[in-house]
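Encoded as structure tokens, the structure appears first; notes follow it.
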Amino acid sequence: MMPMTNGLSLEELMKEGTYPEEYAEGENWKILHGDTLKLVKAFQPGIFDAVITDPPYASGGTKQNERNRTTNQKYSSMSAANALPDFDGDNKDQRSWTHWMAEWLYDVRKACKKGAPICLFIDWRQYPSITDALQWAGWIWRGTAVWDKGNSRPQKGRFRQQAEYIVWGSNGPMPINRPVSCLPGVFRYGNPQNRIHVTEKPLQLMKDVIQICEPGGLILDPFAGAGTTVLAAVMTGYRAVGIEVTDSYYKLGSDRVRIALEAEQKEDEK
Ligand SMILES: C[S@@+](CC[C@H](N)C(=O)[O-])C[C@H]1O[C@@H](n2cnc3c(N)ncnc32)[C@H](O)[C@@H]1O
């Protein structure tokens, strides 16, 4: 493996003796294979400039038996023959999901610099709980941006559920003079075509959202999935660390990031 620079060596990132068993890396990025609940406790204090993430929503219904379905059953309309791998961590009930969220959010805050922004994707069902968890963990909740997906299943006599939300905040006061411009409050992008993850976010959406971080900053995505945040970050001049627990997505995401960045580099060299 290539030696890392820019604060991305394991020694610079993590406390001694807490390294993950497996990780993938390239210039300015790393994806760690493991459980966020354990790994975020292992980071050195005050190293990240932002947390941008899309946690498992543990949603997909109002009753527990609906939430206990697989992630494909809950979040995908693909036929069984074309189904993507299911992912872990999405079957918690309301109380345990909120507690779990608060726990990793508490630990991840210690790994962030003062004033660091945080962005959390969520749907309407988990919106009240995620804003509770964020604040219990000591973050300041500062607002909510909207991801307008454009279309969704029409519901007679009801509003379409065509949006997801980006709950955002900061680790204490957030200076107004950070070198970050005014950002939009609504992002309009359809779901990605040809996705490799059941709940993959559009790459351009993530490129837009991470602009909340100071230029060149070190971004953490503790639920990396197909690596969309990590890829968007490195493509736009940031450095990024992802964590992913599901074996298949650790592999798919790391390979995707590596292949896309190599292709981009080859284009630049032409
Ligand atoms: C909603 S998906 C993220 C999708 C991602 N934004 C993308 O565009 O591909 C959440 C991911 O978190 C992972 N995950 C769930 N529990 C985890 C845990 N405890 N530690 C690390 N990753 C976890 C799942 O395997 C899943 O891939």
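The values are calculated or read from the model by the stated rules, or taken from the named source; none is laboratory data. Keep in mind it's a predicted model, so treat the numbers as computed, not measured. When we count neighbours, we look across all protein chains shown, and the Cβ atoms used for this are built from the backbone with ideal geometry, even at glycine. Accessible surface areas use protein heavy atoms only, side chains included; no ligands, DNA or RNA. Shrake-Rupley method; radii C 1.70, N 1.55, O 1.52, S 1.80 Å.
Tabulated values for the structure
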read-out	value
With DNA, RNA and ligands ignored, accessible area of ILE212 (1.4 Å probe; Å², nearest 10)	20 Å²
Calculated FRET value between ASP88 and ILE176, using beta carbons and R₀ = 41 Å, to 0.05	0.55
Residue (of THR70, SER59, ASN82) at the positive-pole extreme of the range 37-116, dipole from beta-carbon charges	SER59
For the range 59-194, alpha-carbon Rg over 2.2 N^0.38 Å	1.19
Å² per residue, accessible surface of the range 144-270 at 1.4 Å	51 Å²
Label-zone membership for the range 177-203, site SER79, 7 angstrom Cα→C-beta point, backbone N under 20 Å	193-198
Per principal axis, descending, Cα span of the range 207-249 in whole Å	31, 14, 13
ASP148 paired with HIS99, simple spin-label distance in nm, labels 7 Å along Cα-to-beta-carbon	4.0 nm
Given charges at beta-carbon only (K, R positive; D, E negative), |dipole| of the chain in Debye	1200 debye
Within the range 131-174: backbone nitrogen closer than 16 Å to the ASN191 label point (7 Å, Cα to C-beta)	147-155, 160-165
Cα centre as origin, Lys/Arg/Asp/Glu Cβ charges: the range 24-69 dipole, Debye	360 debye
Equivalent ellipsoid dimensions for the range 10-269 as semi-axes, Å, which come from the Cα gyration tensor, largest first	26, 22, 20
Net charge, ARG239 excluded, C-beta distance under 10 Å - Lys, Arg +1, Asp, Glu -1	-1
Packing-based ranking, highest mean first, of 159-171, 30-42 given that Cβ atoms within 10 Å are counted	30-42, 159-171
Positive-pole candidate from ILE140, SER254, ASN194, dipole of the range 10-269, charges at beta carbon	ILE140
Cβ-defined net charge surrounding GLY185, 13 Å radius [Lys, Arg +1; Asp, Glu -1]	0
Length-normalised contact order for the chain - Cα pairs under 8 Å, 6+ apart - percent	23 percent
Cα-centred dipole magnitude for the range 1-151, charges only on beta-carbon of K, R (+1) and D, E (-1), debye, nearest 20	620 debye
Using a Förster distance of 45 Å, the FRET efficiency for GLU267-TYR19 (Cβ separation, nearest 0.05)	0.85
